[in-house]
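Presented below is the structure to which this report refers.
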Amino acid sequence: MISYTRLFASVCALASTAAALNPIEVSGKDFVDSKTKDRFQIIGVDYQPGGSSGFTTKLDPLSDADVCLRDAALMQRLGINTIRVYNLEPSLNHDECASIFNAAGIYMILDVSNPLAGGYLDRSAPWTTYSAIYYKQVFGVIEGFKNYDNLLGFFAGNEVINEDATYMAPRYMRAVVRDMKDYIAKNSKRAIPVGYSAADIRDILMDTVHYFECDLKNSTSSRADFFGLNSYSWCGDASYKSSGFNVLTEDFANATIPVFFSEYGCNDVKPRIFTEVQAIYGEEMTQAFSGGLVYEWTQEDNEYGLVKVNNSNTVTTLIDYENFQKQLSKLDIDRIMSSNASQTNVEAEECSVSRITHKSFYNAWDLPEVPSKVSDYIKNGLPDAPSGKLVSVSATTIPQKVYDSTGKEITGIKLEVKSGANTPSSSGSSTSGSSSGSSSGSSSSSGTSTPTNAASLNGAPSLALGGAGGFFMLLASLL
Ligand SMILES: *[C@@H]1O[C@H](CO)[C@@H](O)[C@H](O)[C@H]1NC(C)=O
Ligand SMILES: *[C@@H]1O[C@H](CO)[C@@H](O)[C@H](O)[C@H]1NC(C)=O
Ligand SMILES: *[C@@H]1O[C@H](CO)[C@@H](O)[C@H](O)[C@H]1NC(C)=O
Ligand SMILES: *[C@@H]1O[C@H](CO)[C@@H](O)[C@H](O)[C@H]1NC(C)=O
């Protein structure tokens, strides 16, 4: 059992404190780094250890620092820069986990709902749950996470609009986007992007993106900032055409907001070889898509995992982890992250009935009025809601034992403190069984906490890069 005290107490260990990541903002149809203005594409994984049923009000995926440190270090080694977390409990403390992922160069996209009573919008009768009770959850998550600079954005809903949804669902979903953005504008120091995550229902997919991305003159805040697509149409060694990814690219080429795969990674063919990675980040698709998140980090009953958590002390990287890592190591990160004015200058189109083609899809933008208590929350902030802040991260060595898919122990895995987004290692990093800690391109096998990224050791960049958040974090780490 590792104590949090040991992990986080070292108040004077400024050397191992990471600068906060630069917040990401939306510019036209791209995500960009708010400071450097470089394009940001999501290289991500969906993170729900324990599966959706593993969530309780006592424990969510960002409340156990030992688990976060283990997973952040393994994700960093894999080459990930973003996680998506589905179910969160606003009353829990997330400072340590958020700070660990920040130090690892990993951003977070968070769903604001949870599956418990009052925690979600009922797709079959949204008017029954569009209420102050639901908004305690939604605004509670915003309050809890708004101060973390590595918070990329929020999903206002996940697959709410599907075959089981009522005709009215889009109308309520767009109202939730509006209310969240109004809340953020009033109660957060920065504009945090808010989007929607859609099921891949091809009949209504374009209607769905058009419904959310269009500009509504009398409610500009109801426009979504980004669009996630959960798509599993590339299975095994498919091709750009056979998977239908070419159609998706054409479909989304004219989108006016960033679009990305909020879930991908079909497992009909096992093990997964992730050849779609080269397509998603290839030259054709990156005009339409800003990357994606593989479903999912841990192995659960549905067998989509990249790692298997055997018990609290051991974890195994599965063959899928190694295959995904190999694909990521081939990416041309400089090209993927380079800014492009024709992408960032894209402007919204106005909402109009003609943009909705399917007769079963709701085609008006007469959004429901905000319930009066919810309106009070927006104006004055949600009462008694805890807000997090980044704290210093001192422990970088993970206490758990890690094995590769052949059963060989992998040693020397540790968190490397970064000052920028994590990137895949292009050296075709060793994927298995390194018996000495120094074999990955990342040096430092000694017990010291020297990050290989020297910039993060330097006080100047942490102040310069971190902005207000970095400053507060630095303060917190000094106090
Ligand atoms: C995208 O926009 C171009 C130029 O306006 C148009 O020719 C094309 O048909 C559009 N594509 C789709 C799929 O709507
Ligand atoms: C952990 O689980 C994996 C996958 O089920 C298995 O192959 C491996 O032997 C287990 N490792 C340990 C140390 O129990
Ligand atoms: C920039 O984006 C435009 C349209 O989105 C695309 O046609 C063009 O190839 C891109 N340029 C580069 C250098 O990628
Ligand atoms: C805002 O504009 C939409 C689309 O024109 C319309 O349907 C809706 O009734 C308007 N809402 C208000 C409050 O005026």
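The values are calculated or read from the model by the stated rules, or taken from the named source; none is laboratory data. Just so you know, these numbers come straight off a predicted model, no measurement behind them. For neighbour counting, all protein chains shown are included, and Cβ atoms are generated from backbone atoms with ideal geometry for every residue, glycine included. When the accessible area is computed, the model is the full protein with side chains, heavy atoms only, and any ligands, DNA or RNA have been set aside. Shrake-Rupley method; radii C 1.70, N 1.55, O 1.52, S 1.80 Å.
What does the convex hull of the alpha-carbon atoms of the chain project to on average, in nm²? All intermediate terms of the calculation are to be shown ahead of the outcome.
On the way: hull surface 83.1 nm².
So the Cα hull casts an average projection of 20.8 nm².
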Stretch gain in nm, segment Ser375-Lys308, where the contour uses 0.36 nm per residue and the Cα spacing is subtracted: 19.7 nm
Considering only C-alpha atoms, what is the centroid distance from region 352-404 to region 67-103, in Å? 17
Pairwise label distance in nanometres, Ser352 with Lys330, each label 7 Å out on the Cα-Cβ vector: 4.4
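May I ask you to list the GluC sites (Glu not before Pro) in region 141-181 that are in a DSSP loop and have at most 13 other Cβ atoms within 10 Å of their Cβ? It would help to have the intermediate numbers written out before the result.
Details: sites: Glu143, Glu159, Glu163; in loops: Glu159, Glu163.
Answer in residue order: Glu163.
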Take Val269, project a point 7 Å from its Cα along the Cβ direction, then tell me which residues of region 206-233 have their backbone nitrogen under 16 Å from it. 232-233
Separation in nanometres of the label points that stand 7 Å from Cα toward Cβ, at Glu409 and Gln287: 5.2
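Do the sum for the chain: with -39,500 (n - 2.57) for every DSSP H run of n ≥ 4, divided by all residues, what is the mean residue ellipticity at 222 nm, to the nearest 500 deg cm²/dmol? Could the numbers behind the result be given before it?
Values: 14 runs with 138 residues, N = 479.
Taken over the chain, the calculation gives -8500 deg cm²/dmol.
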In the structure shown, do any of Lys35/Lys186; Lys308/Lys418; Lys330/Lys418; Lys136/Lys414; Lys189/Lys418 have a Cα-Cα gap over 28 Å, and if so which? Lys136/Lys414
Write down the accessible area per residue of the chain in Å², having rolled a 1.4 Å probe over the full set of protein chains. 38
Quick one: helix 132-145 against the long Cα principal axis of the chain, what's the angle to the nearest 10°, folded into 0 to 90? 40
Rounded to whole angstrom, the alpha-carbon centroid of region 296-325 lies from that of region 128-158 at a distance of 29
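List the relative contact order of region 37-410 as a percent without decimals, with contacts defined as Cα pairs under 8 Å and 6+ residues apart.
Rounded, it is 22 percent for region 37-410.
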The chain, accessible surface, carbon-and-sulfur percent (1.4 angstrom probe): 51
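Rank Asp38, Asp203 by accessible area, highest first, at a 1.4 Å probe radius? Let's see the in-between values first.
Values: Asp38 75, Asp203 110 Å².
Most to least solvent-accessible, the answer reads Asp203, Asp38.
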Sorted largest first, the C-alpha extents of region 253-405 along its principal axes in whole angstrom are 55, 47, 35
Approximate spin-label separation Lys389-Tyr167, in nm, with each point projected 7 Å along Cα-to-Cβ: 5.2
Order of 105-117, 73-85, 384-396, 169-181 by packing, highest average Cβ count within 10 Å first? 73-85, 169-181, 105-117, 384-396
